[in-house]
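Working notes, structure below.
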Amino acid sequence: MSVVNVLFLVICMTIDFKEQEIIMERVKALLKGEERFALVETYGCQQNVNDSQKYEGILQKMGYTLTDDREKADFIMFNTCAVRDRAEKKVLGNIGALKHLKAKKPRMVIAIAGCMSQQESVEKKIRASYPHVDMILGTRAMADFPRALEAVLVEKKRVINREENDCVLENVPTNYDGGCKAFVSIMYGCNNFCTYCIVPYVRGRERSRSMEAVIEECTLLAKRGVKEITLLGQNVNSYGKDMGMTEGFATLLGEVDKIDGIERIRFMSSHPKDISDEVLSVMANSKHICHQLHLPLQSGSDKLLKEMNRVYNREKYLSIVDKAKKLMPDLAITTDIIVGFPTETEEDFEDTLDMLKTVKYDSIFSFIYSKREGTPAAKMEFAATEEEIRARFDRLLSVQNDISYELNKKCEGEVQEVLVEGMSKEEGILTSRNYANKIVNFKGDESLVGKIVKVKITRAQTWILIGEVCG
Ligand code: 5AD
Ligand code: SF4
């Protein structure tokens, strides 16, 4: 397959996706009214889930019908994650598995997008070993997607766009799935360069959407019946700094809180070095912001925090937790922890366990460190063996399970408001989330889906709560 690099020349701050309408119409015409199916598979974080909804919206606009079935699909996109090695290997395995499908259906178009495809090493791998991939779109190439698809369909050429730019896209058609919850990205990129993390290299520098655009999107979602919005960014606490605001995120939270129909607001992720007193105070005084804070700790060791370039220490972290809990005694806190950062010793790990016991997180997202080429940590020597790291990971989970269970147990007998998400796998049982984002399952019928309901918690388990509707 010959290669054409589609150069996308606009280097600017905001691109209005409406400018792509003519090309989207042309692609639609190319499909000649025949039913064509498209599948977007998502790996990684909520930001990717949100990006995939946009790719789906664009595909629908171009005349594709969405499907979950790879066999049926005429277009398959893997929207990828580069944060850990395991996710990358899984994607490469899945791309390999598509070879025989494409051989059976040559008109099938295969694309990879997201953080993996932004990397030069991945482009080289695809060029060398995956000739059936038609399109590689980096993290900032969404605006070029209709043109790239047209080029693949018309010229039958592979298209690669890994251009780096500082653009923010507005008015992208989005496939909101019609549920009661939605993600809204408020900013893109990251400036922090934590030493283990690939994100700043693949997603570029921080850039915020305008407050008007975010509010307009949230208002539109509320009109469509969405009740819960999660504001997304790698570090939402620096929202607006690139536009010269000092308390941009606190102001934005206050504005979203005023939107009619939005009953619950969450946000993630918050970097502890940037969370302000103002944000905590807006949270505490708001009507709709859930008293739930995702505050990634990564490690409880001051030595490691320094080597990770996290720019806070235990004391500073604990002072934020203290302040937040004083303002919101019912605050639920969750975190991210990395086990096995190269220089982590047993003592460092014990500091992390100690923080778990001190803060008492409602739940944690824990990861074994994964070496990312090109990051400073990739050059560091390991202080522990793989076996030791795995054993630490198991210990971490066991300590946290006890804490989660203990906190859940305290909920027994409480009456909580939950947002009903749908039927669970168990017949006649609904699944919902409380303010802390914990799963609450209870008996009920479909008429309650999408509603906020009062439920009495009758039984606690480690990961979920069981309840019954209050009379
Ligand atoms: N290895 C393991 N976990 C990582 N994370 C980021 N980079 C790595 C890595 N190289 C984790 C961090 C971050 C979360 C989204 O992913 O905990 O907060
Ligand atoms: Fe990665 Fe750190 Fe940025 Fe989070 S704040 S995306 S961990 S570099």
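A few points about this structure:
- Each residue, ASP85 and PHE382, gets one label point 7 Å from its Cα in the Cβ direction; the gap between the two is 0.8 nm.
- The radius of gyration of the Cα set in segment 415-469, together with its Dmax, comes out at 9.6, 28 angstrom.
- Computed helical MRE - 222 nm, the chain, DSSP H runs ≥ 4 contributing -39500 (n - 2.57), nearest 500: -10500 deg cm²/dmol
- Our estimate of slack between ALA97 and GLU350, defined as 0.36 nm per intervening residue step minus the Cα-Cα distance, is 86.9 nm.
- Zone residues, segment 343-381, relative to LYS410, backbone N less than 17 Å from point 7 Å out along Cα-to-Cβ: 355-364
- Residue-wise HN-Hα couplings along segment 417-431, as the Karplus relation 6.51 cos²θ - 1.76 cosθ + 1.60 with θ = phi - 60° gives them from phi, are 8, 10, 9, 7, 9, x, 7, 7, 5, 7, 4, x, 10, 8, 10 Hz; Gly and Pro carry x.
- Ligands, DNA and RNA left out, the accessible area of segment 173-409 computed with a 1.4 Å probe is 51% carbon and sulfur.
- Cross-link table LYS316/LYS360; LYS360/LYS409; LYS89/LYS124; LYS61/LYS157, entries beyond 18 Å C-alpha to C-alpha: LYS61/LYS157
- Folded to 0 to 90 degrees: helix 21-30 orientation relative to the chain principal axis, Cα: 60
- Helix 386-411 and the longest principal axis of the C-alpha atoms of the chain enclose an angle of approximately 60°.
- Simple spin-label estimate for ASP177 and LYS326 in nanometres, 7 Å along Cα-Cβ: 4.1
- Förster radius 25 Å - calculated FRET efficiency between SER398 and LYS303 (Cβ-Cβ, nearest 0.05): 0.55
- Rg then Dmax, both in Å and based on the Cα atoms of segment 173-409: 18.5, 54.
- Considering only THR42, ALA103, MET135, and ranking their Cα positions along the charge dipole of segment 34-167 that arises from unit charges at the beta-carbon of Lys, Arg, Asp and Glu, the one farthest toward the positive end is ALA103.
- Segment 103-174 - Rg over Rh from alpha carbon coordinates, Kirkwood radius: 0.98
- DSSP beta bridge pairing in segment 415-469, given as percent antiparallel to the nearest 5: 85
- The share of alpha-carbon pairs in segment 315-412 lying farther apart than 18 Å comes to 53%.
- Linear extension gain, GLU164 paired with GLU426, 0.36 nm per residue minus alpha-carbon span: 89.6 nm
- What the phi angles of segment 116-130 give under the Karplus curve with 6.51, -1.76 and 1.60, with θ = phi - 60°, is a coupling list of 5, 6, 6, 8, 4, 4, 6, 4, 4, 4, 5, 4, 7, 10, 10 Hz, glycine and proline written as x.
- Using the Cβ-Cβ distance between ASP445 and LYS316 with R0 = 60 Å, the FRET efficiency computed as 1/(1 + (r/R0)^6) comes to roughly 0.80.
- Per residue, the convex hull spanned by the alpha carbons of segment 34-167 comes to 105 Å³.
- Once backbone amide H atoms are built at 1.01 Å from N, ILE15 has VAL168, LEU169, GLU170 as its partners under 5 Å, excluding neighbours fewer than 5 places away on the same chain.
- Considering only the chain, percent of DSSP beta bridges that pair antiparallel, nearest 5: 30
- Under Stokes-Einstein, with the Kirkwood radius over Cα pairs as Rh, the value for segment 326-471 at 25 °C and 0.890 mPa s is 141 µm²/s.
- Computed FRET value (nearest 0.05) for LEU66 with GLU216, which takes r as the C-beta separation and R₀ as 22 Å: 0.30
- Solvent-free Debye scattering, log10 I(q)/I(0), computed from the Cα coordinates of the chain at q = 0.08 Å⁻¹: -0.51
- By average C-beta atoms within 10 angstrom, highest first, the peptides 248-258, 364-374: 248-258, 364-374
- Members of LYS241/LYS438; LYS54/LYS273; LYS303/LYS357 lying beyond 26 Å, as alpha-carbon distances in this model show: LYS241/LYS438; LYS54/LYS273
The values are calculated or read from the model by the stated rules, or taken from the named source; none is laboratory data. Here the structure is a predicted model, which is why all the values come from computation and not from measurement. Here Cβ is always computed from backbone atoms with ideal geometry, including for glycine, and neighbour counts include all displayed protein chains. Accessible surface is based on the protein model in full, side chains and every heavy atom, while ligands, DNA and RNA are left aside. Shrake-Rupley method; radii C 1.70, N 1.55, O 1.52, S 1.80 Å.
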